[in-house]
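The values are calculated or read from the model by the stated rules, or taken from the named source; none is laboratory data. Because the structure is predicted, anything quoted here is derived from the model rather than measured. Cβ atoms come from the backbone with ideal geometry, glycine included; neighbour counts cover every protein chain shown. Note: accessible area is taken over every heavy atom of the protein model, side chains too, but ligands, DNA and RNA are not part of it. Shrake-Rupley method; radii C 1.70, N 1.55, O 1.52, S 1.80 Å.
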Amino acid sequence: MAIEDLMAGGTVLPITRWGEPVMHEPTATITTFDDDLRTLVRDMFATMRAASGVGLAATQVGRSVSVFVYACPDDDEVVRYGAICNPVVTTPSGKSRALDSSDEGCLSFPGGYQTLARSEKATCIGQDPWGEPIRVDGTGLLARCLQHETDHLNGLVFGDRLSARAFRKLEQQKD
């Protein structure tokens, strides 16, 4: 079975909103790579698709496990897709580090966008839904997505990275 097989079908799940405890606590490491996990991944792809998102973390569907899915363009406008369990993100440092300040939003905070500086490049390592090692090198929006979704699994929402003033502006956009 390939990741493409998990991108079709699935059940659309309710999206969890900021403020729910699962959104603000680190997730459990995945140690069992079974059909239940792959069903969750399939459902997450269906939910992300229905919400017109580019990434979705398990916390956003109320599950406190370390997995996210993505279908997101990189700097070359090539849509990359996959699922990463137990992700660890690294970004360049020192002179190699370049930041992109762009509007960022979240499916768990509908309608809210604020400018947030994130690294233009990111590398994410983890396991695929079968437990095999995986590495994704992202640029542009994909780099932002890898950072954003991994933050979710570490109990952070992008609002946690905003200044107090920017967060107040974000709060005013709440649906």
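Between GLY62, GLY131, GLY94, the Gaussian network model of the chain with springs among Cα atoms under 10 angstrom shows the greatest mean-square fluctuation at GLY94. Dipole check for the stretch 58-118: with +1 at the C-beta of Lys and Arg, -1 at the C-beta of Asp and Glu, and the Cα centre as origin, the magnitude is about 340 Debye.
Computed from label points 7 Å out along Cα-Cβ, the spacing between ARG49 and ARG168 is 4.3 nm.
The dipole here belongs to the chain: it is taken about the Cα centre, uses +1 on the Cβ of Lys and Arg and -1 on the Cβ of Asp and Glu, and is about 640 debye.
Considering only ARG97, ARG38, ARG63, the Gaussian network model of the chain with Cα springs below 10 Å gives its largest mean-square fluctuation to ARG97. Note on THR90/THR11: beta-carbon distance plugged into 1/(1 + (r/R0)^6) with R0 of 25 Å gives a FRET efficiency of 0.15. Can you compute the label reach from TRP130? Point 7 Å from Cα along the Cβ direction, backbone N cut-off under 15 Å, restricted to the stretch 1-15. Of the residues in the stretch 1-15, 1-7 have backbone N under 15 Å from the label point off TRP130. Against the empirical 2.2 N^0.38 Å (N residues), the chain has a Cα radius of gyration ratio of 0.98.
Nonpolar atom fraction for the chain, defined as the carbon and sulfur part of the 1.4 Å probe accessible area, stands at 48 percent. With contacts taken as Cα pairs under 8 Å at a separation of at least 6 residues, the chain carries a relative contact order of 24 percent.
Between GLY10, PRO21, ILE84, the Cα set farthest toward the positive side of the dipole of the stretch 1-113 (charges on each charged residue's Cβ, about the Cα centre) is that of PRO21.
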